[in-house]
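Heads up: the structure comes next, in structure tokens.
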Amino acid sequence: MAPNSVVVTMEKPSNFSLVELNGSDSSLFPEKQKGVSPKQFTWFLFLKAHRVFSSLSWLAMAVQTMFVSAKKRISLSEVSEEEPKYRGRLYRFIKAFLVLSIVALVIEVVAHFKKWNLNLMQPWEVQGLVQWSYMAWLSFRVDYIAPLVITLSKFCTVLFLIQSLDRLVLCLGCFWLRYKNLKPKIEAEADDIEDSSSFFPMVLVQIPMCNEREVYAQSISAACQLDWPKDRILIQVLDDSDDTSLQLLIQDEVSSWREKGVNIVYRHRLIRTGYKAGNLKSAMGCDYVKDSEFVAIFDADFQPNSDFLKQTIPHFKDNPELGLVQARWSFVNKDENLLTRLQNINLCFHFEVEQQVNGLFLNFFGFNGTAGVWRIKALEESGGWLERTTVEDMDIAVRAHLNGWKFIFLNDVKVLCELPESYEAYKKQQHRWHSGPMQLFRLCLPAIITSKISVWKKANLIFLFFLLRKLILPFYSFTLFCIILPLTMFIPEAELPIWVICYVPIFMSLLNILPAPKSFPFLVPYLLFENTMSVTKFNAMVSGLFQLGSAYEWVVTKKTGRSSESDLIAFAERESKSSTEEKILRRHSESGLELLSKLKEEEKVPPLKKMKNRLYRKELALAFLLLTAAGRSLLSAHGVHFYFLLFQGLSFLVVGLDLIGEQMS
């Protein structure tokens, strides 16, 4: 045996065993350790306490610094976000809900660790006022609050399923169009079109703009290069800019194209009323408009291909009931950042599915406000452009539909444009797009009911076009996923089933993403972002429905002036062909001193402001609300509910801190 070993013999009636223990094993025979003096132990405690207090003081300083910084940014954002009193009601409601949820979470944490359970405790086992209050709250919650929440959740779930069914039917219609290869076709024969002089009717091209410094040149250039006889086209540049220097630049651009033989005019209104609708209405009042049969409209950031008119105008031939031909949008900056990628998913579904299906099966859809050609007779018979809402494009489309005019959507004809790259610009755009339809619904409902169109078309306008897609969609998406879901974490009797918060939303998001298959990796961010945008859409819907002041706000979407690769190549070719003499002749009406002074003024570009993130209070409040609900869900060991609330709360936090998209100066 090894030295320092001990053999222990354990005898029993039936057997025995030998256990060899190594004498050097300190775990079995520990050596006597040196004692610690009270003085050393006291110093050890002081050292530990110092480290704890240092960590706490550092944490307190960090929290205080973050709080002061956030408070300062919130105070600044209140000035820049135009938060009027009437729009703060939703924020105050969310903030009150957040405070109650935090208090409830603290109480639930205490009850969880003390194991207070209404079902497991008898009345005589309750000890103390706090425990008695908690048990009374549980009883009141079960008897009175839970039934109301269950009823509301069931109502929103039914709306959610109806809207999901509508989207599923639209997708099936799109699959059918693909399968049958159904597309709008030109009724006249190609040979007849080429031989007929009516193939080149007089066309008016309108480019409404307002302070579009970044994009005015490329939109005017694209319109002036449309392949159409010079004597059969007139281009109107409708400038509502209030910047005098920008007006001069646009006038100079128009003059340069006019000297090249393009039939183009510049119009500027001294009094800017009615926004875009007022601008278009004023332009249609010119005497020379009577000579035109059709009008093509392009916003300032749209760049049509040269064959745009040849792809759209022929559809009007031998089709007198056709009032509108709408082309599809394509985006030059769809891959710029996460925000533009998510917008691209939404708009691809809108054009590929909604517009195409409604156009082929119903001959009606909402005019997109640009990249479309109107028959001027249809505009005039429908009452022309009206300034009563912020969605003048949808307004004229509904009135034309009530007058019996038909629409065609061309999915194969695409016009380049820009997507908003900052969340601030996108949020303002979405507010206008979702408040305007509710304004229009209030105004158009009597006209729809008394119109001479069929009952089926009336039902489609009222229940599908307006109520389901413009009112119910933002209502249930905000109420169900941002209010009821976190509420059910504190009222477990009304807990939503997993298929409502997981399976059906993922399936519907998958359908939405099919028209843009390259965006499939962004499926989960798209689902979370759509729920995040529901607070903006819900707020806009309510303001439009009840005619609040924010419903009449019109903010021009900020542009960056990005160009596609083909645009850059074409621009380089044009620049290489143009010589210095041509540039001087193009401005022969200006003296040398005037030209020199203008160039010097253009060189004096003001320094760019530092980019700053904004804070969005409603989104931040909802972020903390959902994260609080996620904490409560964790106590109940909810799986899917916890992860959904966690990631949805983080999504609101990212948007509330303005960390998605580009920042605006």
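The values are calculated or read from the model by the stated rules, or taken from the named source; none is laboratory data. This one's a predicted model, so the numbers in the text were calculated from it and none came from an experiment. All Cβ positions, glycine included, derive from the backbone under ideal geometry; neighbour counts span all protein chains shown. All accessible areas refer to the heavy atoms of the entire protein, side chains included, with ligands and DNA or RNA removed. Shrake-Rupley method; radii C 1.70, N 1.55, O 1.52, S 1.80 Å.
Here are a few things to note about the model shown:
- Segment 410-467: C-alpha gyration tensor shape, a/c 1.5 cut-off, then a/b vs b/c: oblate
- When all protein chains stay in place and ligands, DNA and RNA are ignored, the 1.4 Å accessible-area order of Leu226, Leu646, largest first, is Leu646, Leu226.
- Accessible surface ranking that places the most exposed of Thr151, Thr560 first, with a 1.4 angstrom probe: Thr151, Thr560
- Segment 243-332: GluC sites (Glu not before Pro) falling in loop per DSSP and having at most 12 other Cβ within 10 Å: Glu321
- Cα gyration tensor shape for segment 224-294, rounded if a/c is under 1.5, else prolate or oblate: oblate
- Between Ser255 and Asp412, the simple spin-label model (points 7 angstrom out along Cα→Cβ) gives 4.4 nm.
- Accessible area expressed per residue, segment 127-185, with surrounding protein chains retained (probe 1.4 Å, Å²): 66
- Cα-Cα over 29 Å, subset of Lys183/Lys260; Lys310/Lys470; Lys281/Lys310: Lys183/Lys260; Lys310/Lys470
- Note that segment 312-463 presents 32 Å² accessible area per residue, ligands and nucleic acids not counted, probe 1.4 Å.
- Within the full protein context, the accessible area of Lys414 is estimated at about 100 Å² for a probe radius of 1.4 Å.
- Neighbourhood net charge (10 Å Cβ-Cβ; Lys/Arg +1, Asp/Glu -1) for Arg167: -1
- Lys537 accessible area, assembled protein chains, probe 1.4 Å, Å²: 30
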